[in-house]
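To keep things clear, I will list the structure first and then write my remarks on it.
Derivation of every value follows stated rules applied to the coordinates shown; laboratory data play no part. Note that the coordinates shown come from a computational prediction; the quantities given were computed from them, not determined experimentally. Because the Cβ atoms are built from the backbone with ideal geometry, glycine has one as well, and the counts that use them run over all protein chains shown.
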Amino acid sequence: MQWKNGDTTNGQVVAGDKGAGNGLHQLNNLTDVLIDKETDILIICDWGNKRVMRWSRRSGTTQGEILIDNIDCYGVAMDEQRYLYVSDIKKHEVRRYQLGEKNGTLVAGGNGEGDGLNQLRVPRYLFVSRDHSVYVSDHKNHRITKWNKGAKKGIVVAGGQGQGNALTQLSHPQGIFVDTLSTLYVADDRNHRVMRWTQGAKEGTVVAGGNGTGAGANQFSYPVGLSFDRHGNLYAVDYGNNRVQRFSIE
């Protein structure tokens, strides 16, 4: 769906809307999407069909194209050179692809499921910084790890202290965003809050939510996705409340 700024009632379908299925005109349980800004094309993680799709935003487009198939994808990201990064929740790894490439290059995990620094456990969402470091929401390890380009091991940059709701902990982290100061924002799903971790910090601060699960303006019910606009406003996908919330972050 595409929603114009300020219009909360008239969304426009830009991909799918033909029922759940595996046809090229269909999607099934999509988990992540990005816009290739150079071509104005959507890259969609079609998790239910184990594939990554490319879908033009031009009006009249009725079907997508399979970029990568037979992959348990969950998160997608793209760097400024238009390399595509995809997390695989069954192989517990992240790979980088040139568009059109099928096999990709391992950039994180790939050493089986586990909590070692060279491992991941159900990696979900991704963020790629300008220096091509890959940040991974290591969902079932309750941590965010940063993998520098070419690294064989990740660095824990948030959480990693077991599942919990202390400021040093996360609980099933989902969407992540890193700003130009390397400050990390995390959708802390089961804690119903968004956390901010400055570079090198031992604990985070709550910037939205953290008031228990609920439908209030200061609450979430399982926040999933995160993004910022050019004015510094935070947008959070509030999964359990079927809404997107916007917050002004100080």
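Within the set of other residues whose C-beta is less than 12 Å from the C-beta of ASP188, count the net charge using Lys and Arg as +1 and Asp and Glu as -1.
Result for the neighbourhood of ASP188: +3.
Residue by residue, region 204-210 carries 3J(HN,Hα) couplings of x, 10, 7, 10, 7, x, x Hz when phi is fed to the Karplus relation 6.51 cos²θ - 1.76 cosθ + 1.60 (θ = phi - 60°); x denotes Gly or Pro.
Close Lys pairs in the chain (alpha-carbon distance under 14 Å; sequence gap of 8 or more, or different chains): 5. Here is the list for region 132-236: trypsin sites (Lys or Arg not before Pro) lying in DSSP coil, each with at most 14 other C-beta atoms within 10 angstrom of its C-beta, are LYS149, LYS152, LYS153, LYS202, ARG230. Using Cβ point charges alone (K and R +1, D and E -1), the dipole size of region 165-250 about the Cα centre works out to roughly 60 debye.
Return the whole-Å distance between the Cα centroid of region 147-171 and the Cα centroid of region 195-229. When both Cα centres are located, 16 Å separates them. Positive end of the dipole of the chain (Cβ unit charges, origin at the Cα centre): among GLY164, VAL107, PHE247, the Cα lying farthest that way belongs to VAL107. Less than 5 angstrom separates the built amide H of VAL107 from those of VAL94, ARG95, ARG96, all sequence-distant by 5 or more or on a different chain. Note on THR198 and ASP179: their simple-model spin labels are 1.1 nm apart, each label 7 Å out from Cα toward Cβ. Each of [x] 18.4; [y] 20.4; [z] 19.1 is a candidate for Kirkwood radius over Cα pairs in Å; the one calculated from this structure is [x]. Here the 3J(HN,Hα) profile of region 66-83, calculated from phi with Karplus coefficients 6.51, -1.76 and 1.60 at θ = phi - 60°, is 7, 8, 9, 10, 6, 9, 7, 5, 9, x, 10, 8, 9, 8, 6, 8, 6, 7 Hz, Gly and Pro shown as x. For the pair ASN29 and ASN148, the difference between a 0.36 nm per residue extended length and the Cα-Cα distance amounts to 39.8 nm. Label-to-label distance, LYS37 versus LYS102, with points set 7 angstrom from Cα along the beta-carbon direction: 3.2 nm.
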